[in-house]
1. Which label marks the calculated value of log10 I(q)/I(0) by the Debye sum over Cα atoms at q = 0.14, 0.19, 0.24 Å⁻¹, given the options (i) -0.39, -0.66, -0.99; (ii) -0.69, -0.84, -0.96; (iii) -0.33, -0.63, -1.08?
2. Using 0.36 nm per residue, how much length does the chain from LYS60 to ILE18 gain when fully extended, once their Cα-Cα distance is taken away?
3. Please work out the average accessible area per residue across the chain, using the 1.4 Å probe convention, and give it in Å².
4. About its Cα centre, what dipole magnitude does the chain give when the only charges are +1 on Lys and Arg Cβ and -1 on Asp and Glu Cβ, stated in debye to the nearest 20?
5. So, with a 1.4 angstrom probe, what is the percent of accessible area on the range 26-66 that is carbon and sulfur?
6. Just name one of LEU58, PRO21, VAL11: the one whose Cα is farthest towards the positive end of the charge dipole of the chain (beta-carbon charges, Lys/Arg +1, Asp/Glu -1).
7. Find the relative contact order for the chain and round it to a whole percent, using C-alpha pairs within less than 8 Å whose residues are 6+ positions apart.
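The values are calculated or read from the model by the stated rules, or taken from the named source; none is laboratory data. Please read all numbers here as calculations on a predicted model, not as lab measurements. Note that we place each Cβ from the backbone using ideal geometry, even for glycine, and neighbour counts take in every protein chain shown. Protein only, heavy atoms only, side chains kept; ligands, DNA and RNA dropped before computing areas. Shrake-Rupley method; radii C 1.70, N 1.55, O 1.52, S 1.80 Å.
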Amino acid sequence: MGLAMAKTIIVKQVGSPIRRPARQRRTLIGLGLNKMHKTRELEDTPSVRVMVNSISHLVKIIEERG
């Protein structure tokens, strides 16, 4: 009866927000990314997936856990 581990994804920022629309910059900040090559482990929820997919040219999913 162990607790199920929440699915997570590790996202890395690979593109610069310079000369990008403000909306894309805000999405990066919303994901906790603000510097090149920074990585974050995020919960794999539909809302996070939509955010990642909307700036797929700026971020890369490195790993999926769970």
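1. (i)
2. Extending this stretch completely gives an extra 13.4 nm.
3. On the way: 4830 Å² over 66 residues.
Using a 1.4 Å probe on heavy atoms only, each residue of the chain averages 73 Å².
4. Dipole size: approximately 460 debye.
5. Of all accessible area on the range 26-66, carbon and sulfur atoms account for 50 percent.
6. Positive-most Cα among the choices belongs to PRO21.
7. After rounding, I find 53 percent.
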